[in-house]
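> Below: one structure in C-alpha cells.
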Amino acid sequence: MASLIEAIEIKRKMYFEFEDTPFHCLDVEVSTPTARGGQTLVRLKMRNLLTRAVFDKTFKAGDKFKEPDLVVSPASYLYSDGEGAHFMDQESYETHTLGPDMMGNAAGFLTEGLVIQIQKFNGNPIGLQLPPHVELAVTYTEPGARGDTASGNVTKPARLETGIEVRVPLFIKEGEKVKVSTETGEFAGRA
C-alpha cells in the first residue's frame, strides 16, 4: 500500500497522485484563518504529468494524496524523427519514444548521447527531466564590435547547434561551447 501524503505536507517540486493522475507541485501557498474553527487551506499550483496542463487548486490541509507510482530512470538521447525523440534506457537498454507533446521545450537542448531522466508512470514513459545545464556549440553569431559596450549593448544573439537562439556576451565566438540553463533557456557561462 502506497503511503498517503497530507496536503499540508506537500512542498515545491514534490510529486503526488490526485484522481489517479500524477502531478508535480510547482508552488504551494498555505492560508491559515485567524478565526476560530476556520480551516487551513493549501493552494497548489500543479502540473498534470500526463497532459502537461498547469492549474491552481485549493485543498483542505487534511486532504490526503497517494504517492504516485513514478519511476525516474536514466536514458541517453539517440535521435529525433517524425514520431518523436528516441532514448535508450541506461539500465534495461530498451528504446523509448517520447512524442512532441511529452517533450515540451526540451527538444532545443538535446544532443546525441546526452543523458536525461525519463519519468515513467505505471511503467509507461510520460516525460523527461533535463540536467540543469547543457553544453552546446555556437554555430552562428555576429562578431562583437569594439565599443559596443559603451551603448550598454553587452550581449548578442547566437544560434546553437540544436537550432535554439540565446543571448551571449560579446566575447563568445562561433565554434565555442557554451553552457545553457535548461530551466530558463539563458546563457550560463562558457563550457
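Read-outs: derived from the displayed coordinates by stated rules, not from any lab. Computed from a predicted model, the values in this text were never measured in an experiment. Counting neighbours? That spans all protein chains shown, and the Cβs are built from the backbone with ideal geometry, glycine included.
> Using the Karplus curve 6.51 cos²θ - 1.76 cosθ + 1.60 with θ = phi - 60°, what ³J(HN,Hα) values do you get for each residue of the stretch 54-71, in whole Hz, with x for Gly and Pro?
10, 7, 9, 8, 9, 10, 6, 4, x, 4, 10, 10, 7, 7, x, 7, 10, 10
> Now for a different question. Per residue of the stretch 36-50, in order, report the coupling 6.51 cos²θ - 1.76 cosθ + 1.60 (Karplus, θ = phi - 60°) as ³J(HN,Hα) in whole Hz, putting x for Gly and Pro.
Using θ = phi - 60°, the values come out as 5, x, x, 8, 6, 10, 10, 9, 10, 9, 9, 10, 6, 6, 8 Hz.
> Shifting gears a bit: What's the local net charge at residue 48, with K and R +1, D and E -1, over the other residues with C-beta under 13 Å away?
Details: positive: 45, 47, 52, 57; negative: 17, 19, 20, 56, 101.
Cβ neighbours under 13 Å give a net charge of -1.
> Apply 1/(1 + (r/R0)^6) to the Cβ-Cβ distance of residue 129 and residue 8, taking R0 = 35 Å, and write down the FRET efficiency to the nearest 0.05. Provide the component values of the computation, followed by the final result.
Values: r = 26 Å, r/R0 = 0.74.
Rounded to the nearest 0.05, the efficiency is 0.85.
> Right, next: All other residues with a Cβ under 14 Å from the Cβ of residue 134 taken together, and with Lys, Arg as +1 and Asp, Glu as -1, what is their net charge?
Numbers: positive: 177, 179, 190; negative: 112, 135, 161, 183, 186.
For residues surrounding residue 134, the net value is -2.
> Follow-up question, since we're still on this one. Hey, can you grab everything whose amide H is under 5 Å from the amide H of residue 182? Only 5+ residues off in sequence or another chain; H modelled, so Pro and N-termini drop out.
133, 134
> How much length is gained on full extension from residue 115 to residue 36, taking 0.36 nm per residue of separation minus their Cα-Cα distance? Write down the numbers at each step before the final one.
Details: separation 79, 0.36 × 79 = 28.44 nm, distance 5.25 nm.
So the chain would gain 23.2 nm between residue 115 and residue 36.
> Related question: Spin-label point model (7 Å from Cα, Cβ direction): what's the residue 89 to residue 72 distance in nm?
Inter-label distance under the simple model: 1.8 nm.
> Using the crude model of +1 on Lys and Arg Cβ and -1 on Asp and Glu Cβ, and no other charge, please compute the dipole size for the chain relative to its Cα centre, in debye to 20.
Numbers: 21 positive and 27 negative charges, 176 e Å.
I would put it at about 840 debye.
> What does the net charge come to around residue 22 if you take all other residues with beta carbon closer than 12 Å to its beta carbon, with K and R at +1 and D and E at -1?
Values: positive: 47, 52, 66, 120; negative: 17, 19, 20, 67, 69.
Spelling it out: positives minus negatives among the neighbours equals -1.
> Please list, ordered by chain and number, the residues whose modelled amide H lies under 5 Å from the amide H of residue 111; skip anything fewer than 5 residues away on the same chain.
Here nothing satisfies the definition.
> Using the Karplus curve 6.51 cos²θ - 1.76 cosθ + 1.60 with θ = phi - 60°, what ³J(HN,Hα) values do you get for each residue of the stretch 122-129, in whole Hz, with x for Gly and Pro?
My calculation for the stretch 122-129 gives 6, x, 9, x, 10, x, 9, 10 Hz in order.
> At what distance in nm do the modelled label points of residue 122 and residue 21 sit from each other, each positioned 7 Å from its Cα along Cα→Cβ?
That separation, rounded to one decimal, is 1.4 nm.
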